[in-house]
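Read through the structure below, which is laid out as structure tokens, and then see the notes.
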Amino acid sequence: MSYADDIFVKNCTDIIENGFSDKDLPVRPRWSDGTPAHTVKKFGIVNRYDLRKEFPILTLRRTAFKSAIDEILWIWQKKSNNIHDLNSHIWDSWADETGSIGKAYGYQLGVKHKYKEGEFDQVDRVLYDLKNNPSSRRIMTNIYTFADLSEMHLYPCAYSMTFNVSGNVLNGILNQRSNDVAVANNWNVVQYAVLLKMFAQVSGLIAGELVHVIADAHLYDRHIPVVKEMIKGERHPAPKFIMNPDVKNFYDFKVEDFALEGYEYNKLDSRFEVAV
């Protein structure tokens, strides 16, 4: 059975049974009807996924694989902060009349910085170091730029990646300040598993472990009844992940270069509303 399902069930059960409720506290997020969106949370959840064993996608419900990849390419490859460059509507609530989400996400990755080796943005610096300095302990990105927070329409949730090469294996740590577990947990895991695989392939490495560190892992109050039913569902084997082996340049990857073989999942009748 899918290991991603096991982790998801464990995390959700722990949050529901042992989490802290903010129902008596003032909160920023609101439901579409204006009601405060309260959560139950756990602090400091750490999950590990070995990408050499299986691809970490949920089967308890469908994770939109292609849309998740489209967004990660929008951020890391296009380095865009405009929803007109994105093929889904997941960022519409945070975009202005021009389509911009402010100086957030892809914008930060595209800012160039000076190094002794030359000028690089954060993505190109990672790609350079993976090929030229694989033993470095400084291969990382961070998009939580305090000077620009006031110009971001949403502060970054998944804000930092640290890469580490052990022999011919590329491992990564995703740091996330906040995670809407029902809506976005597996979405983020799928995205950064694919990103790790892309970076590994173009660097002549093998993708190893993805470690996901979440400061505030929470379930929204209106999601909990659906989650309780969802985690009782049938679990299926993890599908086979397929990536075009001919792509050797990170910027040549397209959504069409990725596929899942044998992806079985349970149909979820209820939709998870996103609190904004």
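The values are calculated or read from the model by the stated rules, or taken from the named source; none is laboratory data. Quick caveat, the model's predicted, so the values are computed rather than measured. Neighbour counts run over all protein chains shown; Cβ positions are idealised from the backbone, glycine included. For the accessible areas, the whole protein counts, side chains as well, though only heavy atoms, and no ligand, DNA or RNA atoms are used. Shrake-Rupley method; radii C 1.70, N 1.55, O 1.52, S 1.80 Å.
Computed quantities for the displayed model
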{"quantity": "Residues satisfying the stated conditions in the stretch 40-64, i.e. on the phi < 0 side of the Ramachandran plot and of a type in the set (Gly, Ala, Ser)", "calculated": "ALA64"}
{"quantity": "Selection status of TYR107, assigned to a loop (DSSP other than H, G, I, E, B) and at pLDDT 95 or above", "calculated": "no"}
{"quantity": "Counted residues, the stretch 1-21 - those being farther than 13 Å from ALA217 by Cα and part of a loop (DSSP other than H, G, I, E, B)", "calculated": "2"}
{"quantity": "Pairs with Cβ under 8 Å, 6+ apart, first in the stretch 256-276 and more than 30 Å from PRO36 (Cβ to Cβ), second in a loop (DSSP other than H, G, I, E, B) and among the aromatic types (Phe, Trp, Tyr)", "calculated": "LEU260/PHE55"}
{"quantity": "Selection within the stretch 243-261 - assigned to a strand (DSSP E or B) and over 19 Å from the mean Cα position of the chain (by Cα)", "calculated": "GLU261"}
{"quantity": "Residues of the stretch 122-133 satisfying the condition of being more than 19 Å from LEU174 (Cβ to Cβ) and touching a residue at least 40 places away in the same chain (Cβ under 8 Å)", "calculated": "LYS131"}
{"quantity": "Scan of the stretch 234-276 for residues that are modelled with pLDDT of 95 or more, open to solvent by 30 Å² or more (accessible area, probe 1.4 Å) and among the aromatic types (Phe, Trp, Tyr), ordered by number", "calculated": "PHE241, TYR251, TYR263, TYR265"}
{"quantity": "Residue in the stretch 189-210 that is farther than 23 Å from PHE163 by Cβ and modelled with pLDDT of 95 or more present", "calculated": "no"}
{"quantity": "Members of the stretch 208-233 that are open to solvent by 20 Å² or more (accessible area, probe 1.4 Å) and free of Cβ contacts under 8 Å to residues at least 60 places away in the same chain", "calculated": "PRO225, VAL226, GLU229, LYS232"}
{"quantity": "Where LEU73 falls short, out of the listed (1) open to solvent by less than 40 Å² (accessible area, probe 1.4 Å); (2) over 21 Å from VAL274 (Cα atoms); (3) part of a strand (DSSP E or B)", "calculated": "(3)"}
{"quantity": "Count of residues meeting criterion [within 12 Å of the chain's Cα centre (by Cα) and either of a type outside the set (Phe, Trp, Tyr) or closer than 30 Å to PRO36 by Cα (or both)] in the stretch 178-221", "calculated": "22"}
{"quantity": "Single residue of the stretch 167-177 satisfying the filter (in a strand (DSSP E or B) and open to solvent by 30 Å² or more (accessible area, probe 1.4 Å)) that is nearest to ALA217 (Cα to Cα)", "calculated": "ARG177"}
{"quantity": "Conditions (1) within 16 Å of the chain's Cα centre (by Cα); (2) under 25 Å from ALA217 (Cβ atoms); (3) open to solvent by 30 Å² or more (accessible area, probe 1.4 Å): number failed by ALA104", "calculated": "(3)"}
{"quantity": "Subset of the stretch 133-161 [open to solvent by 40 Å² or more (accessible area, probe 1.4 Å) and part of a strand (DSSP E or B)]", "calculated": "MET140, ASN142, TYR159"}
{"quantity": "Residues located in the stretch 205-239, provided they are in a strand (DSSP E or B), of a type outside the set (A, V, I, L, M, F, W, C) and closer than 14 Å to ALA182 by Cα", "calculated": "ASP216, HIS218, TYR220"}
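Listed here are the residues, each with its yes/no results for (1) touching a Leu at 6+ places or on another chain (Cβ under 6 Å); (2) over 28 Å from LEU219 (Cα atoms).
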{"position": "ARG137", "(1), (2)": "no, yes"}
{"position": "ASN142", "(1), (2)": "no, no"}
{"position": "PHE146", "(1), (2)": "no, no"}
{"position": "CYS157", "(1), (2)": "no, no"}
{"position": "VAL165", "(1), (2)": "no, yes"}
{"position": "TRP187", "(1), (2)": "no, no"}
{"position": "ALA193", "(1), (2)": "yes, no"}
{"position": "LEU196", "(1), (2)": "yes, no"}
